[in-house]
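Beneath this line is the structure, given in structure tokens, with notes to follow.
The values are calculated or read from the model by the stated rules, or taken from the named source; none is laboratory data. The structure presented is a predicted model; accordingly, all values stated were derived computationally and were not measured. All Cβ positions, glycine included, derive from the backbone under ideal geometry; neighbour counts span all protein chains shown. In case anyone asks, the SASA skips ligands and DNA or RNA and just uses the protein heavy atoms, side chains included. Shrake-Rupley method; radii C 1.70, N 1.55, O 1.52, S 1.80 Å.
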Amino acid sequence: MPVPMVEYLRKNYREPQPAWLDLAERASEPEVRRKLIRGFLQSRIVYYPASGEDGHPVKLFNQAHAAHAFVFADCGYSREDVQRGVTPHPQSRKRGFRGYRTLAVLDVRPEELAPWPPRYHVCPGEAPDQSRLLRRIEPFALLCIFERLPEFGDDHGARRFAVLFLCADGFAAYDALFCQPGSIARPFCVLVQDYSIFVIYQRFDRYGLLERIAYRTQVWPELLLVAYQISEPWHGYVEPDLAGETLEPEMGGM
């Protein structure tokens, strides 16, 4: 009988809520802010390049209590898009994270996230010039902390979790955040799903630029969440051994 993915994650990767999430109410204090951001970076991070507004990995890992920190990187959304998307609307199920309210929002500077300026591990010609797109949208980094509403319980998800929204290229953000000398952040899981219009120049899956950056820097996630029949897992990644049982595919978001 297939094993649901949320059950697999809950059984093998469940973790207690990190203590830094309890600092959210005091995030305006400079020293608390530093501790909160550092705690986020040192947590299990689920990384989603070209995420758009797809909250699926939050739903999956949050319900399993397997991760409390998420990074969504996309160079196609604005600060207003993010703020509108995470704010629940009574007439729309497509807004916000069901069962949660926004507890704190931090505007984060690049030097607070990783050594700055970054030294990228990309060869000439491997990445396109996206300056035309980026001129239309001001880059930003928003760290949002969410708290579960009283009418929802542990089966719905963690009491608190956090998402870092980056207006950034998915390849460059992985390199800058995780792969710099002195970086304290490491990816726990990378979501590999090549549906973005930007995959016309590079892919996130096998043989793609993201795998090459991971290989050059030897910064590998423990897990890959791979879109079935759309993308291929990186070299060295296989389905988990479940002693004869299979892992049930999870219906994606977008």
Item to check | In region 168-187, the residues that are open to solvent by 10 Å² or more (accessible area, probe 1.4 Å) and farther than 13 Å from Ala214 by Cα | outcome: Ala168, Asp169, Pro181, Gly182, Ser183, Ile184
Next on the checklist: Cβ-Cβ distance below 8 Å, separation of 6 or more or different chains: which pairs start in region 21-40 with a residue that is farther than 9 Å from Ala104 by Cβ and end on one that is in a helix (DSSP H, G or I) and among the aromatic types (Phe, Trp, Tyr)?
Outcome noted: Lys35/Trp20; Arg38/Trp20; Gly39/Trp20; Phe40/Trp20
Next on the checklist: Any residue that is under 24 Å from Met251 (Cα atoms) and either at pLDDT 95 or above or in contact with a helix residue (DSSP H, G or I) (Cβ under 7 Å, 6 or more places away or on another chain) (or both) - is there at least one of those in region 93-100?
Outcome noted: yes
Checklist outcome for this item: Residue hits (region 146-181; assigned to a strand (DSSP E or B) and in contact with a Gly (Cβ under 8 Å, 6 or more places away or on another chain)) are Arg148
Next on the checklist: When you check Ile213 against the structure, is it outside any loop (DSSP other than H, G, I, E, B) and closer than 23 Å to His68 by Cβ, yes or no?
Outcome noted: no
Next on the checklist: When the residues of region 214-230 are narrowed to those that are in contact with a Phe, Trp or Tyr (Cβ under 6 Å, 6 or more places away or on another chain) and among the hydrophobic types (A, V, I, L, M, F, W, C), which ends up farthest from Phe171 (Cα to Cα)?
Outcome noted: Leu224
Item to check | Of all residues making up region 232-251, the number that are in a loop (DSSP other than H, G, I, E, B) and modelled with pLDDT of 90 or more | outcome: 9
Next on the checklist: For the condition at pLDDT below 95 and surrounded by 14 or more Cβ atoms within 10 Å (Cβ to Cβ), what is the one hit in Arg33, Arg79?
Outcome noted: Arg79
Next on the checklist: Go through (1) at pLDDT below 85; (2) in a loop (DSSP other than H, G, I, E, B); (3) farther than 22 Å from Gln180 by Cβ; (4) open to solvent by less than 50 Å² (accessible area, probe 1.4 Å) for Asp129 and report which single condition fails.
Outcome noted: (4)
